[in-house]
Structure formats: C-alpha cells, structure tokens
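Undergrad: Structure in structure tokens, see below.
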Amino acid sequence: MRAALADLGGAVRLVFLGGLGEIGRNCACIEVAGRILILDCGLMFPDTEMPGIDLVLPDFTYLLDNRDRVEACVLTHGHEDHVGGLPFLLRHLRVPVYGSPLTLGLARHRIEEAGLLGQTELHPVHDGERRQIGPFDVEFIPVTHSVPHGFATAFHTPQGVILHSGDFKLDLTPVDGRSTDLARIGAIATDEGVRLLLSDSTNAEEAGHTLSERVVGRVLNDLFAAYQGRRVIVTCFASHIHRIQQIANAAVAHGRAIATVGRSMGKNVALARTMGLLAIPDGALVDVEKIGDLEPGEVCIISTGSQGEPMSALALMAAGESKWVTVGEGDIVILSSHAIPGNEANVGKVIDGLYRLGAEVVHSGVAEVHVSGHAKREELKTLLSIARPDAFIPVHGEFRHLTHHARLATEMGVARSRVLLAEDGDVVELRDNSIDFVDEVPAGYLYVDGIVGDVGRGVLRDRRVLAEEGVVVVVVTVDAKSGEVLTGPEIITRGWVFAPEAEALIDEARAAVVASLEEAADSGGTDYETLKRHARSALGRFVNERTRRRPMIVPVVMEV
Ligand SMILES: [Zn+2]
Ligand SMILES: [Zn+2]
C-alpha cells in the first residue's frame, strides 16, 4: 500500500511527529517533490509517570530513515516545546535551520551546549519574508505570542497554500507593537486561497479572548506601587521577553534596580538587550551579588523557576538554599506565570516554602499577573474566518483540545469531511481532489535521561515497579549437574520489607526458594533457565501471598 516515498507526483504530504495529542515536542514534516522540511523540533517535559526522565523527544526514526530527503528545519518560535529537541536531532542529522533572529538566538544556546554550533547553518529570516528553501516556497508571517518574533508559516505548494498558525494569540495591543499580520493572511485567502489551515489548539476549550499582554503591565505597576519599600521578586519564563520588559518598566518606574537570578534569565536578558528587543537602561541593572548593598525597596529580582522546577532559582530560594537570595519576612514574590499541567504540585511546594520563610506570594489565582500566549475560542474563530481554509487540521494540543478545535472549524463552515483529527504518527496527503490519511510512521516517546535518548519503555516500566514496590534479589549457587543448592539462597531487598525487622519472613522466603529448586531438580530441571524461573515464581508467589505486594523479583542463579 505504501506509495514510493520520493514519488508523490504533485501530491504534498504532512507527517506529524509530535504535538498532536500532547502539549509539547512539536514537530511536523511537510513534503514537496520528495523533499522533507521539518517544522519545529520541540521537547516535552516528563510527567510523574516517568521517573528519572529529564525530557521527552519526538521519535526521529522517520527523519533518520529518510535523511537524504531532509532539506531544512524551520522554527516558528523559540519556546522549548518547539526548539528544544533540535540539538538531539542535529547530533544525528546535519540540516540547515531557519528562524527569526531571536528564535535562532534562543536555539543557539542549546546547540552550543551540545557542541554542534560549528557544523550547523543558521539562517535568519524576517517578518513578511518569503524564501525559497529547496522546493519549498515559505512565507514567514508575524504572530503575537508569549515570546517575541513568532511566525505563522505559509507554504505555497503545488497543492495550494498550507498555512500553519504556529503558537499565536491575537494581541491587538502587543508590548512591542508587532501584531499578528491578519491582513496578509486575508490577502493570501483572497488571492490564492488557503487549501489547508493547521492551527494552535492549546486554548480551544477556553471561551472568549486571551487578554492583551499589556494588562499584566498595569497590574505589575499597581503591585510595585502597593509594595513600596519591600523587596520584590518576580518569576516568569526566561524567554518571555515582553513580560520581562514590563517587570523592568514597573521596577524602573518605582526607582528599583533590577537583578536577574537563574542562568537562562541572565543569558536571555543579555541576548534580548543586544538584539534591541529589551530596553533596560544600563544603570538599572545590578549584579545579584550587589543586592545586599541596597535597601529592600530599591531592588527587583527577576528569577527563573516559574514552573517550580526543583533545581531552579526560585525553588532554591523557597528551600532556603539559594546562593544569592535569602527570602524572609517582608519579601513579596510574584509568580508571573501559570503552571503547565503536571507542574502544579511543584509550584504549590515552592509557594508553601516561600510562605514558610515569611514572604508574601502573589500568583495568577490572586491577581492578573499572567495572561496566556495562546488564542482562545473567539481568536481561533477569527483566524478561521479570515483564512477561510478549504481543509483544517487542529495541531498543538491534547486530544480534547484538538477535538474542540475541529468542532469549531466545522461550525465555522469547513466541510466536515475535510476536517482531519490527526494524531502523532499520522501521514496526511493532499492531492488535487482529496485530503486523506495515507500512512503511519513511528511517533512514540523518545525518553532522555542525562544526554542520550536510550531509555526504552522497558526501562521505564522497571523504574515504576522499583519506585512503587521495590525489589527482592535472590542469589543462589547450585551444582551444575545435580541442581543441588550449594550456597544460599541469600535474599536482599530494598523497598519490599525493611530486612533487619523482617528476618523471620526472609527466612521463610529462603525456604520457599529452596523447596522450589529441589522440586525442579527432582523432576530433572537442572538447567540454568529452569532454575531461575522456579526461583522467581516461588519467591514472587511467596511475597504476594504473605504481603500482597508485587516487588520486582530478580533471581541470580550461579552454577558451579
Ligand atoms: Zn510557544
Ligand atoms: Zn508551543
């Protein structure tokens, strides 16, 4: 059934490798004339079901299997869920990368850390620019989002225009004056028509409009006025340059010096200032080591750790372990952020820690100190009404977000048969008279622990069992010929029972193992595998019957 991959005729393909059915690891491929363009290469942060995992990547099998056909990678914006997977891909695949100067600047930190900067071509593209990249005719359309210089991308293909919204909101009063270019999208819709729209579904369940970023500026200003004389610590995403700008504005207006804490905050502030995207007067910035010389009311600390990440600057402050900032009575901590699903518990822990130290905490549940970077339903409808697409695929969201967005598109007049609810791994083909699912490619999770993605599902399952039930190891030496037990069995356990207090139980377990090995030997089963199997099942049965627990059982049988 599989059509020869390089031979698509005039057809255009989309291959979804991540971000459809989850928030994170956004990655899609567009294929024109047999060539592949990768649109974003993001990572996802692990949930509590993934012990020891640092991050989750898209499965790159499809790209590596088709490495000769890969033309380029285009980045829509600089968030980790869109660029964070890139260094891992670049380790295996050399590919030129396109994006706005800021996006490339943010991705560059990562690529540099991976030691791949020397071998990676980075091509900056600008608002409204239209570029020919191999057979791809790509137009970069400005959109507003929670990081500056985000793009929607329009691919002018043999099958018409494929418009990808990127992450966006319709902020009519953006902090930097750079709005989503709805006029250009309207012009494309009128001139060429939009054959297919792919659009951000993150907030597809939320009614109304997302508030303008400017609202946060006013609230921050009021808070700084209210807390005059007290030290203010504000945390937000380090890539949220507009937010940082507004925090800085409020600080400067109230006569405070600004110190950054957290590696990425310092780096990004420096990067955005050199690019002219962040205006903080030189005199207003102060090294965090110097804040001790200032009165509490003369300083504003901008910190990382808005998601409660355990080793982040704010989490260390909340635990009283920060090298730079000792939080105490009178301090005000503003969480200018919203917990990403899965991070609520960590954020809660940080807030508790801050209160315990005597600080006052202001978060988005208390005051409007955060607004989303993603379009809500009315904005999604606006984009649909301006783009007037022939076909629609919701992207960027969990399945329920995609479902709601798909329904919205149908309500807005896109033919039901041309609204595709695609998921990771789906291959969609556009032909002259059709749009359809045609294939599936591997798109499972690639788990990264440390710096390599070699943690398989089996390893994760083991970690879960170890974390929840513990392990019981039985070591026994047997005679290779007779199967007779020569030494042991010795039973070692972690997490099943506390061994020193359960000697009797452990003795019984040993007896159960001996009995099963004797039984095996009596019936002629003296080979290593049989003995191991007997030891495991006897011990497993014993443990379960006596304690109703299911630890991992590891039999070690040595033959002499
Ligand atoms: Zn984003
Ligand atoms: Zn995103």
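The values are calculated or read from the model by the stated rules, or taken from the named source; none is laboratory data. The model shown is predicted, which means the values in this text are computed figures rather than measured ones. Every residue, glycine as well, gets a Cβ built from its backbone with ideal geometry; the counts of neighbours run over all protein chains shown.
Undergrad: Of all residues in the stretch 110-163, how many are more than 16 Å from ligand 1 (Cβ to nearest atom) and assigned to a loop (DSSP other than H, G, I, E, B)?
TA: Selection size over the stretch 110-163: 14.
Undergrad: State all residues of the stretch 77-108 that are under 20 Å from M275 (Cβ atoms), away from ligand 2 (no atom under 15 Å from the Cβ) and either under 14 Å from the mean Cα position of the chain (by Cα) or surrounded by fewer than 23 Cβ atoms within 10 Å (Cβ to Cβ) (or both); if no residue qualifies, say none.
TA: P101, L102, L104, G105, R108
Undergrad: So which of I36, I111 ends up being more than 16 Å from ligand 2 (Cβ to nearest atom), modelled with pLDDT of 95 or more and buried (at least 20 other Cβ atoms within 10 Å of the Cβ)?
TA: I36
Undergrad: Checking the condition in a helix (DSSP H, G or I) and in contact with a helix residue (DSSP H, G or I) (Cβ under 6 Å, 6 or more places away or on another chain), which residue from A521, A504, A512 passes?
TA: A512
Undergrad: Can you name the condition, by its number, that R178 falls short on among (1) away from ligand 2 (no atom under 15 Å from the Cβ); (2) assigned to a loop (DSSP other than H, G, I, E, B); (3) crowded, with 22+ Cβ neighbours inside 10 Å?
TA: It fails just one condition, (3).
Undergrad: Take the residues in the stretch 206-226 that are of a type in the set (D, E, K, R), part of a helix (DSSP H, G or I) and out of contact with any Pro (no Cβ under 7 Å at 6 or more places or on another chain); name whichever of them is surrounded by the most Cβ atoms within 10 Å (Cβ to Cβ).
TA: R214
Undergrad: Do you know which residues across the stretch 68-104 are of a type in the set (A, V, I, L, M, F, W, C), assigned to a helix (DSSP H, G or I) and away from ligand 1 (no atom under 16 Å from the Cβ)? Break it down stepwise before answering.
TA: Start the filter on the stretch 68-104 by keeping residues that are of a type in the set (A, V, I, L, M, F, W, C), which leaves 70, 72-75, 83, 86, 88-90, 93, 95, 97, 102, 104.
Now restrict to residues that are assigned to a helix (DSSP H, G or I): 83, 86, 88-90, 102, 104.
F88, L89, L90, listed by residue number.
Undergrad: I'd like to know if the stretch 193-201 contains one or more residues that are more than 26 Å from E398 (Cβ to Cβ), out of contact with any helix residue (DSSP H, G or I) (no Cβ under 9 Å at 6 or more places or on another chain) and without any contact (Cβ under 8 Å) to a residue 60 or more places away in the chain.
TA: Filtering the stretch 193-201 down to residues more than 26 Å from E398 (Cβ to Cβ) leaves 193, 195.
Those still in the list that are out of contact with any helix residue (DSSP H, G or I) (no Cβ under 9 Å at 6 or more places or on another chain) too: 193, 195.
Still in the list and also without any contact (Cβ under 8 Å) to a residue 60 or more places away in the chain: none.
Taking every residue of the stretch 193-201 in turn, none turns out to be more than 26 Å from E398 (Cβ to Cβ), out of contact with any helix residue (DSSP H, G or I) (no Cβ under 9 Å at 6 or more places or on another chain) and without any contact (Cβ under 8 Å) to a residue 60 or more places away in the chain.
Undergrad: Moving on. Just to be sure I understand, how many residues within the stretch 227-273 are part of a helix (DSSP H, G or I), under 27 Å from the mean Cα position of the chain (by Cα) and of a type in the set (S, T, N, Q)?
TA: 4
Undergrad: So, of the residues in the stretch 362-382 that are away from ligand 1 (no atom under 16 Å from the Cβ) and not β-branched (V, I, T), which turns out to be nearest to R214 (Cα to Cα)? Before the answer, list the steps.
TA: Initially, the stretch 362-382 is screened for residues away from ligand 1 (no atom under 16 Å from the Cβ), giving 362-369, 377-378, 381-382.
If we keep only those that are not β-branched (V, I, T) too, we end up with 363-365, 367-368, 377-378, 381.
Numbers: H363: 17, S364: 15, G365: 18, A367: 14, E368: 11, R377: 20, E378: 19, K381: 22 Å.
The extreme case among them is E368.
Undergrad: Considering only residues that are closer than 18 Å to F16 by Cα and touching a Gly at 6+ places or on another chain (Cβ under 8 Å), look in the stretch 162-175 and name the one that is farthest from ligand 2 (Cβ to nearest atom).
TA: Going through the stretch 162-175, the residues closer than 18 Å to F16 by Cα turn out to be 162-167.
Checking which are touching a Gly at 6+ places or on another chain (Cβ under 8 Å) leaves us with 166-167.
Numbers: G166: 8, D167: 4 Å.
Per the stated criteria, the residue is G166.
Undergrad: Run down R431, R400 and say which single residue is modelled with pLDDT of 95 or more and within 27 Å of the chain's Cα centre (by Cα).
TA: R400
Undergrad: Continuing with this model, one more query. Out of all the residues in the stretch 532-554, which are under 41 Å from the mean Cα position of the chain (by Cα) and farther than 19 Å from V485 by Cβ?
TA: Once the filter is applied, which keeps residues that are under 41 Å from the mean Cα position of the chain (by Cα) and farther than 19 Å from V485 by Cβ, the stretch 532-554 yields V543, N544, T547, R548, R549, R550, P551, M552.
Undergrad: A further question follows. Answer yes or no: is there a residue in the stretch 148-160 that is at pLDDT 95 or above, closer than 16 Å to K376 by Cβ and surrounded by fewer than 23 Cβ atoms within 10 Å (Cβ to Cβ). Steps first, answer last, please.
TA: Narrowing the stretch 148-160 to residues at pLDDT 95 or above: 148-160.
This time we only want the ones that are closer than 16 Å to K376 by Cβ, so: none.
Checked the stretch 148-160: no residue is at pLDDT 95 or above, closer than 16 Å to K376 by Cβ and surrounded by fewer than 23 Cβ atoms within 10 Å (Cβ to Cβ).
Undergrad: Pairs needed: first member in the stretch 142-158, among the polar types (S, T, N, Q); second member anywhere, assigned to a strand (DSSP E or B) and within 11 Å of ligand 1 (Cβ to nearest atom); C-beta distance under 6 Å; at least 6 residues apart or different chains.
TA: From the stretch 142-158, the pairs are T144/K169.
Undergrad: What's the number of the condition P442 fails, among (1) over 30 Å from G495 (Cα atoms); (2) buried (at least 16 other Cβ atoms within 10 Å of the Cβ); (3) in contact (Cβ under 8 Å) with a residue 40 or more places away in the chain; (4) in contact with a helix residue (DSSP H, G or I) (Cβ under 7 Å, 6 or more places away or on another chain)?
TA: Among (1) over 30 Å from G495 (Cα atoms); (2) buried (at least 16 other Cβ atoms within 10 Å of the Cβ); (3) in contact (Cβ under 8 Å) with a residue 40 or more places away in the chain; (4) in contact with a helix residue (DSSP H, G or I) (Cβ under 7 Å, 6 or more places away or on another chain), the lone unmet condition for P442 is (2).
Undergrad: Restricting the stretch 181-205 to residues that are more than 16 Å from ligand 1 (Cβ to nearest atom) and assigned to a loop (DSSP other than H, G, I, E, B), which is surrounded by the most Cβ atoms within 10 Å (Cβ to Cβ)?
TA: For the stretch 181-205, the residue satisfying everything is D181.
Undergrad: State whether one or more residues within the stretch 110-123 are without any contact (Cβ under 8 Å) to a residue 40 or more places away in the chain, among the small types (G, A, S) and in contact with a strand residue (DSSP E or B) (Cβ under 8 Å, 6 or more places away or on another chain).
TA: No, the stretch 110-123 contains no residue that is without any contact (Cβ under 8 Å) to a residue 40 or more places away in the chain, among the small types (G, A, S) and in contact with a strand residue (DSSP E or B) (Cβ under 8 Å, 6 or more places away or on another chain).
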